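Note sheet for the following structure.
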């Protein structure tokens, strides 16, 4: 057998290899035993007696550990050790749980949109709230400034993920340039006149292979769920591919402007240093909001962003299909 064939065979075997269930149980037991706390014992008992619904619902309250943060770290580890284990036998419909939570925040965004569309009827639209809103708008305008079309074109790129048309093993930059033509009507109306000038080779290829009407119009993005933890899935949106191309450009433009004012989204060293300080003297804490991205409502974004930036974002980001 040639070395190349042997490598392929070994890869196939590795892909299909599964650790025996008994080995998994032994490792879980050994790890929880090494923590040696009542919470670790609770986790093991719930797991071993197959009370997996209770195990998935297990919570830990930081306020119970003020006098012993080291114990909190151990118990937090025990509590969340199996949180993302797909092999737990729970009764939860994880997809349904995720969709219900998503719908809950969509409803919340709808209420927020109504408030911003009718500020005179909003009891919170007064005093310091109005001052803060206007100060935030001025700061965003100061950071973002303006942009030109060349910057948008030059910064565009593909991300690594799937689109509404290109999925699975077909996901690659080559295949996206070769066959990607999914786009919303809103975005096409923005780029139609200058797309052939900005990308002549790409446009020529699409026109030759799919005709002058090469674009495949998509109504919006597709909402699906992917695994998150033992209690719920995660809701994600699969976007039309050419929309993604320009979304990447907008993201790069915003990152560059944030970097100018000292915020580098590609460098976590500042966060790491602050986390180390927080672990030493408890003067800092991280706030992690549940469903933060799902809570961003359209009218808040419209209110905060400069009009030209909002139009670009609103045109490139498709609505729910």
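The values are calculated or read from the model by the stated rules, or taken from the named source; none is laboratory data. All figures in this text were calculated on a predicted structure; none of them were measured in a lab. Please note: Cβ atoms are built from the backbone with ideal geometry, for glycine as well, and neighbour counts cover all protein chains shown.
The set of residues from region 257-281 being within 27 Å of residue 144 (Cβ to Cβ) and surrounded by 13 or more Cβ atoms within 10 Å (Cβ to Cβ) comprises 257, 258, 259, 274.
Within region 97-125, residues that are free of Cβ contacts under 8 Å to residues at least 40 places away in the same chain reach partners that are part of a helix (DSSP H, G or I) with beta carbons closer than 6 Å, at six or more positions or on different chains, in the pairs 122/115; 125/119. Looking across 78, 135, one residue alone is at pLDDT 95 or above and surrounded by 12 or more Cβ atoms within 10 Å (Cβ to Cβ). It is 78.
Being loosely packed, with under 13 Cβ neighbours inside 10 Å and within 24 Å of residue 200 (Cα to Cα) is the filter here; which residues of region 155-172 pass it?
160, 172
Listed conditions (1) outside the structural domain of residue 232 (by TED's automatic domain parsing); (2) assigned to a helix (DSSP H, G or I) are all met by residue 85, apart from (2). Among the residues making up region 236-293, those that are in contact (Cβ under 8 Å) with a residue 12 or more places away in the chain and farther than 30 Å from residue 199 by Cβ are 261, 282, 291. Summed over region 56-73, the residues that are in contact (Cβ under 8 Å) with a residue 40 or more places away in the chain and either touching a strand residue (DSSP E or B) at 6+ places or on another chain (Cβ under 6 Å) or under 17 Å from residue 230 (Cβ atoms) (or both) give a count of 2. When the criteria are applied in full, residue 148 fails the requirement of being over 13 Å from residue 242 (Cα atoms) and buried (at least 17 other Cβ atoms within 10 Å of the Cβ).
Only a single criterion out of (1) surrounded by 13 or more Cβ atoms within 10 Å (Cβ to Cβ); (2) within 30 Å of residue 278 (Cβ to Cβ); (3) modelled with pLDDT of 90 or more is not satisfied by residue 68, namely (1).
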